[in-house]
Structures are given as C-alpha cells and as structure tokens.
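The values are calculated or read from the model by the stated rules, or taken from the named source; none is laboratory data. Small disclaimer: the values here were computed from a predicted structure and weren't measured. Counting neighbours? That spans all protein chains shown, and the Cβs are built from the backbone with ideal geometry, glycine included. What goes into the accessible areas is simple: the full protein's heavy atoms, side chains included, and nothing from ligands, DNA or RNA. Shrake-Rupley method; radii C 1.70, N 1.55, O 1.52, S 1.80 Å.
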Amino acid sequence: MKISKLHGIEGNCRPGSVVAGDHYRFTILTPQLIRMEYAYDGVFEDRPTQTVLNRNFETPYFTVYETEKQLEIDTEWLSISYDKKEFSISGLSVKVRSESRGIHSTWHFSEPVREGLWGTARDLDQADGGIPLEAGLQSRLGGFGIVDDSKSLILLENGWVEPRKQNVQDIYFFGYGYAYTQCLHDFFHLCGKTPLLPRYAFGNWWSRFYPYKDSEYNALMDQFAAEEVPLSVAVIDMDWHLRDIHPKYGKGWTGYTWNTELFPDPSAFMAGLHNRNLKVTLNLHPAEGVQPHEQMYHAMSCALGRDPDKKQPIHFDFCDQSFIEVYFSYLHHPQEENGVDFWWIDWQQGSASRFPGADPVWMLNHFHFLDNARNGKRPMILARYAGPGSHRYPVGFSGDSIISWASLQFQPYFTATAANIGYGWWSHDIGGHAGGAKDDELMVRWLQFGAFSPIMRLHSTSNLFNGKEPWKFSEPTHSIMMYYLQLRHKLVPYLYTMNWRCHKDDELLVQPMYYRYPQKDEAYEVPNQYEFGSELIVCPITSPMDTSLQLGCVTAWLPEGTYFDLFTGLRYHGGRRINLYRLISEIPVLAKAGAIIPMASDKEARKNGVELPVHMEIKVFGGANGSFDLYEDDGESNDYYEGQYTVTGFEFLWNNANETLFTIRPAIDRISAMPPERQYTIAFTGVLDTDNITVKAGGSPVCYLKEYDTKLNAIVLSLPLCDTGSLTTVRFAGGLFLAENCMQKRIFDLLNTVQLGYELKEKIYNSICNTGNPAKAICELQAMSLSLSILAAISEILFAQ
C-alpha cells in the first residue's frame, strides 16, 4: 500500500531528556512540557502516534533527586513528585511555577483540570446554541493542561497504523501558565505543523444539500458570475450519486455511482466548473460500504478476492489495508482523474471500529489527506474533527447547525476557542443548515462573521425556500451579501499570508483575545471577540438589532492603543470596554494603529478564483509604525518546500525624522505565478489631507492620482503599474497627522437612522453641537429622559477617541 509521506515526523526524544525506572519513564521535553509513562512490563513506546509525531526537543536543564521510594524532578518551571508506584492521585503530582491565576497550581494524577480553556468539539450537528467542548491545552487557574495519549494508534513507517498496547499510561503535561502562544508552539512541534492550505480554500465556497441537475448547477454558477459574486469552490452534496436505491442496499447515504439523470456526463460537468475557475469537491458518507448496485462493485470484489456473483456488500472497514487500497483505487482515484479536486468526508456514524482506538473519523481523515497528496499536490479535505492532532488534516466541517440567533451566537466563540487545541481551520455552514425561519438580519450578520472566519462556505438544506443565493433576499440584504462575498475575495492576499504564518510560525488566523493579553480579565470576558490575523480585531454582532435604533450592538474590549474601524473610519482609544453600535451593513472590525492590510482590488474580487492580483489595494492605518510581509506562491503545489515562494515587504514609518514614509520592498525571488508588474492603490486611513507627497518607483518619480475619502479620513493614492522587482516609496514631507472624528456628522447620521420624533432629534443634535463638550452634552441628554440605548449609541461617538 503506497502512502504519501506524513510531514512532521522528525524523531524520538534525546536520551539526556529521559528519567526512567523499571515501570516508569519521564521525558523532560521542555521546561514546561513533560511526558509521563507507566507500563507494567517496562516496555515503552517510542514510535509516533496518531496524536504525537515528534519528541525531538532540545534537552532542557533539570535536576533529579531520587531515593528508593521517591523521585523528584525539577525544571525551571515544574516540579514532579512521584512515589515510584503505579500512577495514582496520591503518588504522582506536578507543581507549576509558571505565572497563572491560581495560588496553588498543583496537579495530582487523574484530577480534572479546573477552569480549563476549552478546546473544540467533534461537530455542531443539530446544535441550536452552545454545546459542551473538549478540554484545551491550558487552564487559566492552574496554568496547566493534559493530553492523554494512552490509547492512540501507533503510526508505522509504511504509513499504516496498529493498535496500542493496552493498560499503559502515556500522558503529556503542559504547564505553561499564561504562556499560551509558547504552549501552542510546542504543541505543534510535538504533534505536527498545521499544513499550508491551497489558496483556493480562502475564497467563497458554494454548498447546498439539493438535487441539482448539471444544467441547473451550471446556470447557478453563471448567475453568480453575472451578479459579480465570486466563488472559488463548488461543493456537490450527496445527490451527485445514486440515492433512490433498493432498501436492501441501504438508505442511499453512501454512494459512488453518479446519478446520470442529474449529471449525464460528470467529466464534462466538472470540466465546465474548472473552466469557470472553480475547484470541485464531492460529499462522501462511506459508512455503508460498497453495495452490489455500484458501477465499481464487480472490479472491487475481484480485487479483494471475492466472488462478485454472490452480490454480497463490501463492508466499510478502514482497519483493513486491502479495503483501503481498493477504496482509493476504485472509488476515488478515477473520480479525481475526471475532475474531483478534493473530498468532503461527512461521517456521522460514531467512533466504533474493529480494533481499539481506531476512530473511523480519524482513520478517514488520515488516509484521505495522505492520499490527496500522492501526486505531489498540496492536500486538503473537508472533514470532521477527530481529537487532538486533527489540525494536521484540515479543513474541519463543523456540521449541520440549526438556523437561529443562538447558533450564530455560539459560532465565533466556538471558532476562537478551538485555538486552545491547535485547531485553526473550521468551516461552518454559514447561514445555518436547517430549521429556523427566513430572517434577513440574521443572514447578514452570519455572512459578516463568515467573511471574517477561517473558511467562508455558504450552505443550506434542500428546503425549496432555504437558499443562500444573495438575489433571493430583498434589498438592502441582497447588496450587503454581495459586498461581503466580494470583500472575502479582496481579503485573500491577507488571509493567505496568515495561512503561511500559521504553517511556518504556529500563529493561528483566529485567536482569543487572551492569547496576547493573558493577564487581563477583560480579555476572557469577550468570548465572541477575536484577533483575525496580525492586524485586525473582529467583534461579530450576533444578536438582533434594537429596532428603535435600527442598529446592532456588541460589547467589546479594546486593549491599550489606538484603533480604527475598517468600515466607518471611526477612531477609538483603547484600554476599556465599549458598546459598538453598527448599521446592518457594518460589522465592527478594528485595525490597530500602524496596521497594513494587503487586499485584491474591487475589480479582481468580482470574478471567480484567487489568482495573484495584478491590482492591489493596501490599507495603511496612521498613528504608529507598521510592517507586513506579503507571502505568495503558486497556491497549489508543494514547491514552497523548495523555497518556491516570494515575499513582498511593506513598511510604514510614522512621522520619523519629520516625514512619514511608506515603502514597498522589491519582491524576493519572484516566482513565475507572480505578475511582473503590479498596480497599487494605497489608502492612508485616519489622517488629515496633505499634498506634500512624493512617489518613486525604481528610484524615479512617478505620476499618481490622489483622492481624499472624508468618511474614512483617508488619503487614497492610485499608482501606475510598477515593476514588482523594484523599490517603491511614498514620502509625506512634514509627516502625517491623525484626523479627529467628525462627531457632528456622525451624530447627524446616527439620529437620521434612529426611530425618534423629528423635533426630539433636532433638539438632541443642537444640544450636542452647541455644547462642544462631550461630557456636558451627555449630561444635557440625560435630562431629556432618553432611552439608555440611544444614550449609549451617542456616547460611543462622543467618547470614541
């Protein structure tokens, strides 16, 4: 059985890291990460497992004190006490000295972790709100977490797996305190890097559980193109295969034979999607095996040495190497030759298998991912989560959630907290799968979250009225949905760079606020707020709007510093909690001062695909220095392992030596996929207007167009096509200066929206304009007996900066 190499297996631990006895072994991997094993026969496991790939850490400094009945090991941050007997609550403990919230940070064997930072869950199937989550790697109270690897499968050199010896203890203790990011970094070193996703993963996916005919699907794709709504992935749910079958063959969920009534020529159909610049994935429910009615049944039976004339089903068995080999060779490889780019593995039949520890979900994910890489392409699957280590098999399908505000309310938290187990690439059914009722506001808020989530996959069930096509919604919902779907494709350069940083530097795209601010209580009190890459903070609105205000609201926490709203341009000072009020067309996305956001242009974001853009828009936010390294490669191959990628550097020096300078460094090692020339539109946001601007490319002055956006307080420069291998500079002589929020205009726009009497609106507006002092104005407004919500919305504007 030929299986592609699993990257990340680097070797076993170093001998100097081990302290062992007849039945126990402790491996000090880092000063904060310890492996603890107990085996009755004294035989320990050194091979990689389904969770752990690499124990080759540099040996840290530690001391050992040992008597006949006691063992004590001390590192810089941990103290292990062990009575040399079978692991027990009284005989094995680890004290954590890393800084954490708790006063007493000691773990006793088998004790549950208190105040743990939750990880994730297998799926959100039928979830209508929150569900219980599995443990993460750390605890805020004790500063530690546990990964029990005692029942993991063993990974063999030939790519196969085998069950683990029973009745052993194999536990990894993470005692990192507040060092959450270091904990995650060491976890990835131990359990394998997150793979680099193909570039097409970051565009919009169209998915629906619906029995399309090929002509209907093609017409739908053409309508998306006509509406200038871009897509990158076409998902064909389970109706691609035969479903109306005899009951003796199952219920039609499992299938591998195309339904030619719907798709008369599957190869031509998929070729047409490829011609539309789309990747293709098909849905799988493999639990019922291969039934006699399938086209490939006869050949598979013969390959397995079975008599096809007996018409006995070929049962699904991923514990059988022979079955796996023919499973791929006969069921999947021919489909891939005909146009399938990757598979959606939709398993819902539990975790039981023929040998202990072999969860079918993990087995499917593992072998499908490796098989998808067999021809040297960059692998990807859409699959269910299967426990720690699942980050090696992206992308995660979170399942069929209910259409409700409660479902939306849970998804941002669910996505962010998955970082605590290293799982960064969740794909949700954006808009919800089934149930519920049509709610334009809910659809918009869910789509806005989707645009700022790891994977943007629209999905719905087959109900005739439950479609997520933007044109099925009335205005302004239709236009808003189109805007955010186009915005998602504009963000691909930024997202793809974060994809690289996740793979290379272990920095997940979506991270809870407490990763960067672990000692701030406020960071734990905004579970739906998260960092979105290195430059942005996202605060999704997940509850219905206040009908009197016609505004949605979210309570956010802004760390110290200066921030700018990506859509409104409003400038905020941080270090506080604040209610953020937004129109239905806006989601609070905040860029820190000095942030640089590389994006594709509006024009390029209106077509399918995710090619490297020729025309880019760069958003630069005033108030501080900033830098950004844009990563680009061919998007699909593994050539990046050989250094086949390019990095373009952007640097912003804010008011240094009496000038402000923005630099686009020459692209390093330009690859063939990169445009030789590129046109930039650069928006310097949050600043006062000025004409003291000089632009040079390759050392020579170039002409440019300049506009000033009064809503965003942005100087917008449109540069001509410039050689991507040359240095481009934008110099502001005398420097730039932050613009003040235009409070009067913003208050006017707010009052123009809210549902209030005209005379009262005018009275409020005049009071604010005439007072000139925000605190005094609020005092006067309080005397008008206004509602708290209106006062709060006005206060956000008055006290933003």
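Computed quantities for the displayed model
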{"quantity": "Phi-based couplings in Hz for the range 621-638 (Karplus 6.51, -1.76, 1.60; Gly and Pro marked x)", "calculated": "10, x, x, 6, 5, x, 8, 7, 9, 7, 9, 9, 8, 6, x, 9, 8, 9"}
{"quantity": "Calculated FRET value between Ser88 and Ser789, using beta carbons and R₀ = 41 Å, to 0.05", "calculated": "0.10"}
{"quantity": "Relative contact order of the chain, defined on C-alpha pairs under 8 angstrom at six or more residues apart (%)", "calculated": "9 percent"}
{"quantity": "Inverse of mean 1/r across different Cα pairs in the range 1-130, Kirkwood, Å", "calculated": "17.2 Å"}
{"quantity": "Label zone at Thr260, where the point sits 7 Å out along the Cα-to-Cβ direction: the range 293-312 residues whose backbone N lies under 16 Å", "calculated": "293-298"}
{"quantity": "For the range 236-315 and the range 372-447, distance of Cα centres in Å", "calculated": "26 Å"}
{"quantity": "Over the range 445-531: Kirkwood hydrodynamic radius from C-alpha pairwise inverse distances, Å", "calculated": "15.3 Å"}
{"quantity": "Links that overshoot a 30 Å alpha carbon limit, given the list Lys279/Lys311; Lys711/Lys776; Lys520/Lys761; Lys468/Lys745; Lys213/Lys251", "calculated": "Lys279/Lys311; Lys520/Lys761; Lys468/Lys745"}
{"quantity": "Simple label model, 7 Å out from Cα along Cβ direction - Ser462 to Ser79, nm", "calculated": "6.4 nm"}
{"quantity": "Label-point separation, Phe748 to Asp244 (7 Å along Cα→Cβ), nm", "calculated": "6.3 nm"}
{"quantity": "Aspartates and glutamates with Cα under 17 Å of Lys763, excluding same-chain neighbours fewer than 8 positions away", "calculated": "Asp749, Glu780"}
{"quantity": "DSSP-loop GluC sites (Glu not before Pro) across the range 520-552, with at most 16 other Cβ within 10 angstrom", "calculated": "Glu525"}
{"quantity": "Cut-off 10 Å between beta-carbons: net charge of the residues surrounding Phe318, Lys and Arg +1, Asp and Glu -1", "calculated": "-2"}
{"quantity": "Efficiency of FRET from Cβ geometry, Asn167 and Val702, R₀ 60 Å, rounded to 0.05", "calculated": "0.25"}
{"quantity": "Long-range HN-HN contacts of Ser427 with modeled amide H, under 5 Å", "calculated": "Gly396, Phe397, Ser398"}
{"quantity": "Radius 10 Å from Cβ of Lys706, net charge of other residues (Lys, Arg +1; Asp, Glu -1)", "calculated": "-3"}
{"quantity": "Bridge type composition, the chain - antiparallel percent by DSSP, nearest 5", "calculated": "80 percent"}
{"quantity": "Stokes-Einstein translational diffusion, the range 681-797 - Kirkwood Rh over all Cα pairs, 1.002 mPa s, 20 °C, in µm²/s", "calculated": "124 µm²/s"}
{"quantity": "13 Å cut-off, amide nitrogen to a point 7 angstrom out along Glu216 Cα→Cβ, residues in the range 463-499", "calculated": "463-467"}
{"quantity": "Neighbour-limited loop hits for chymotrypsin sites (Phe, Trp or Tyr not before Pro), the range 412-488 (at most 12 other Cβ within 10 Å; DSSP other than H, G, I, E, B)", "calculated": "Phe465"}
{"quantity": "Karplus 3J(HN,Hα) series, Hz, for the range 235-243 with 6.51 cos²θ - 1.76 cosθ + 1.60 (x for Gly, Pro)", "calculated": "9, 10, 6, 5, 6, 5, 9, 4, 10"}
{"quantity": "Label point distance in nm, Thr710-Gln782, each placed 7 Å from Cα along Cα→Cβ", "calculated": "3.4 nm"}
{"quantity": "Nonlocal amide H pairs with Leu736, under 5 Å, H built at 1.01 Å", "calculated": "Asn655, Thr660"}
{"quantity": "Residues of the range 698-736 with amide N under 19 Å of a point placed 7 Å along Cα→Cβ from Asn658", "calculated": "731-736"}
{"quantity": "Sparsely packed trypsin sites (Lys or Arg not before Pro) within the range 235-327, loop by DSSP, other Cβ within 10 Å at most 12", "calculated": "Lys251"}
{"quantity": "Alpha-carbon radius of gyration plus Dmax, which is the widest Cα pair, for the range 390-501 in Å", "calculated": "14.2, 42"}
{"quantity": "Shape metrics for the range 497-598, restricted to C-alpha atoms - Rg then Dmax, Å", "calculated": "14.0, 48"}
{"quantity": "Relative contact order of the range 486-615, pairs being alpha-carbon contacts under 8 Å that are 6 or more residues apart, as %", "calculated": "26 percent"}
{"quantity": "Accessible surface of the chain [probe 1.4 Å, protein heavy atoms]: carbon and sulfur percent", "calculated": "50 percent"}
{"quantity": "Relative contact order (%) - criterion: Cα under 8 Å, at least six apart; region: the range 1-133", "calculated": "15 percent"}
{"quantity": "Phi to ³J(HN,Hα) by Karplus 6.51 cos²θ - 1.76 cosθ + 1.60 over the range 342-356, Hz, x for Gly, Pro", "calculated": "7, 10, 9, 9, 10, 9, 9, 10, x, 10, 6, 8, 6, 10, x"}
{"quantity": "Kirkwood hydrodynamic radius of the range 602-682, Cα pairs, Å", "calculated": "14.4 Å"}
{"quantity": "Stretchable slack from Glu642 to Tyr65, in nm (0.36 nm times residue separation minus alpha-carbon distance)", "calculated": "203.0 nm"}
{"quantity": "Computed FRET value (nearest 0.05) for Ile131 with Gln348, which takes r as the C-beta separation and R₀ as 22 Å", "calculated": "0.90"}
{"quantity": "Partners for Lys603 among lysines (Cα-Cα distance below 17 Å; same-chain residues under 8 apart left out)", "calculated": "Lys490, Lys619"}
{"quantity": "Convex hull of Cα atoms in the range 166-286, direction-averaged projection (nm²)", "calculated": "13.5 nm²"}
{"quantity": "For the range 112-143 versus the range 526-603, the gap between their alpha-carbon centres in whole angstrom", "calculated": "26 Å"}
{"quantity": "Global form of the range 117-159, assessed from the alpha-carbon gyration tensor, a/c cut-off 1.5", "calculated": "oblate"}
{"quantity": "Shape box of the range 92-251 [Cα atoms, principal axes, largest first, Å]", "calculated": "65, 44, 37"}
{"quantity": "Kyte-Doolittle mean at least -1.0 and Cα axial length at least 30 Å: DSSP H helices in the chain", "calculated": "none"}
{"quantity": "Structure-based [θ]222 nm, the chain - -39500 (n - 2.57) summed over DSSP H runs of at least 4, per residue, nearest 500", "calculated": "-6500 deg cm²/dmol"}
{"quantity": "Hits among lysines - C-alpha to C-alpha of Lys69 under 29 Å, sequence gap 8 or more where chains match", "calculated": "Lys84, Lys85, Lys95, Lys151, Lys165"}
{"quantity": "The chain: radius of gyration over Cα atoms, expressed as a fraction of 2.2 N^0.38 Å", "calculated": "1.02"}
{"quantity": "Translational D in µm²/s for the range 319-375 (Stokes-Einstein at 10 °C, 1.306 mPa s, Kirkwood Rh from C-alpha pairs)", "calculated": "129 µm²/s"}
